[in-house]
Amino acid sequence: MNELLVFGTGNAMVTKYYNTCFALFDGNEYFMVDAGGGNGIFAILEQMEVPFQKIHHIFFTHEHSDHILGAVWMVRKIGTLMNQGKYEGDLHIYCHKDLVDTIATLCQLTLQKKVCNHFGERILLIPVEDGEEKQILSYDVTFFDIHSTKAKQFGFTANMNDGQKLTCLGDEPYNEKCHQYIAGSDWMLCEAFCLYGDRERFKPYEKNHSTVKEACELAEELAIPNVVLWHTEDKTAPNRKELYTAEGKELYHGNLLIPDDKERILL
Ligand SMILES: [Zn+2]
């Protein structure tokens with residue numbers, strides 16, 4: 001059994017959602033991806049009943065505050081649990097190589113030495129290259145550069161033990177250079193900043209983001225059976241799910257999911 005645990009679904013500046021971050025759950029452990037912008041991740045993990053002791057693998061996509069600052073809180077909590085003898089094993093943090101120093105520095109500037117002392121021993125910062133494969137839990141994960149124009153960002157493809165393939169495209173529009181990764185995916189996790197109908201209001205293209213329309217056209221063209229859209233504005237809350245689904249269904253005939261924070265999706 002594989003599940004997608006949706007921790008947050010908002011963009012950087014939202015107040016009604018948490019920043020977009022999530023985990024894959026293989027029935028035993030969690031592979032967490034990004035951690036949002038802060039301490040709010042604690043409440044979400046508690047409410048979703050995700051124990052820190054079941055998180056040994058976290059991937060950070062890029063340096064933006066809405067994705068990486070939660071790293072400080074995850075390291076603080078897990079490092080503290082290690083000091084208390086309440087966390088077994090090591091914490092593995094994956095990221096592209098330029099992020100290794102960023103994460104280490106953020107933690108060293110803001111956390112106590114007794115937590116940071118675990119770096120290099122039990123908290124391992126693991127740089128990954130474009131196209132590099134790693135076995136993470138029961139997933140065969142391939143990391144790839146999404147070719148962002150803003151800040152270097154990696155996405156990933158995970159081949160699951162049931163034969164399904166899931167691809168996370170990060171928080172920017174799809175680049176054709178990533179076709180080999182998205183092709184043949186059963187699940188596409190993709191940003192959609194707002195409705196195409198609201199593009200004048202939210203100006204997604206200025207921020208190098210897409211709308212529901214582009215994401216759904218891409219999924220239709222590539223015949224992806226399941227699509228999850230997130231990293232959105234919050235002004236259409238609480239009707240976001242209905243509005244986004246209505247726009248997307250005109251263009252895409254697969255399983256379109258617009259999750260709310262704290263939803264669990266069976267993969
Ligand atoms: Zn973002």
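Computed over neighbours whose Cβ is under 12 Å from that of Ser138, the net charge equals -4, Lys and Arg +1, Asp and Glu -1.
Tally Lys and Arg at +1 and Asp and Glu at -1 over the other residues with C-beta under 13 Å from the C-beta of Asn28: what net charge comes out?
So the surrounding residues net to -2.
What's the carbon and sulfur percent of the chain's accessible surface, probe 1.4 angstrom, rounded to a whole number? Here carbon and sulfur together make up 48 percent of the probe-accessible area.
The listed residues His147, His253, His209, once ranked by accessible area (1.4 Å probe) with the largest placed first, stand as His253, His147, His209. Relative to the dominant Cα principal axis of the chain, helix 97-110 is inclined by about 60°.
Which of rounded, prolate or oblate describes the chain when judged by the alpha-carbon gyration tensor and an a/c cut-off of 1.5? Prolate, because a/c is 1.5 or more and a/b exceeds b/c. Other residues within the sphere of radius under 10 Å centred on the Cβ of Gly155, judged by their own Cβ, net out at -3 (K and R +1, D and E -1).
Beta bridges assigned by DSSP with both partners in the chain are antiparallel in approximately 50 percent of cases.
With the largest listed first and rounded to whole Å, the semi-axes of the equivalent ellipsoid of the range 67-133 from the Cα gyration tensor are 21, 14, 9. For Glu220 and Gln180, the difference between the fully extended length at 0.36 nm per residue and the C-alpha to C-alpha distance is 12.8 nm.
In this label model, Ala151 and Glu49 are separated by 3.5 nm, measuring between points 7 Å along each Cα→Cβ vector. Working note: Debye formula, equal point scatterers on the alpha-carbon atoms of the range 26-106, no solvent; log10 I(q)/I(0) at q = 0.15, 0.19, 0.24 Å⁻¹ is -0.50, -0.82, -1.28.
Normalised per residue, the accessible area of the range 3-266 is 42 Å², obtained with a 1.4 Å probe and no contribution from ligands, DNA or RNA. By how many degrees, 0 to 90 and rounded to 10, does the Cα axis of helix 240-249 deviate from the longest principal axis of the chain? Rounded to the nearest ten degrees, it is 50.
For the cross-link pairs Lys113/Lys235; Lys113/Lys165; Lys150/Lys235; Lys16/Lys203; Lys177/Lys213, the ones whose C-alpha atoms lie over 31 Å apart are Lys113/Lys235; Lys113/Lys165.
With the cut-off at 1.5 for a/c, could you classify the range 1-155 from its C-alpha gyration tensor as rounded, prolate or oblate? Verdict is rounded for the range 1-155.
The values are calculated or read from the model by the stated rules, or taken from the named source; none is laboratory data. Note that the structure is predicted; figures quoted are calculated from it, not measured. Please note: Cβ atoms are built from the backbone with ideal geometry, for glycine as well, and neighbour counts cover all protein chains shown. Quick note on the areas: whole protein, heavy atoms, side chains included, nothing else; ligands and nucleic acids left out. Shrake-Rupley method; radii C 1.70, N 1.55, O 1.52, S 1.80 Å.
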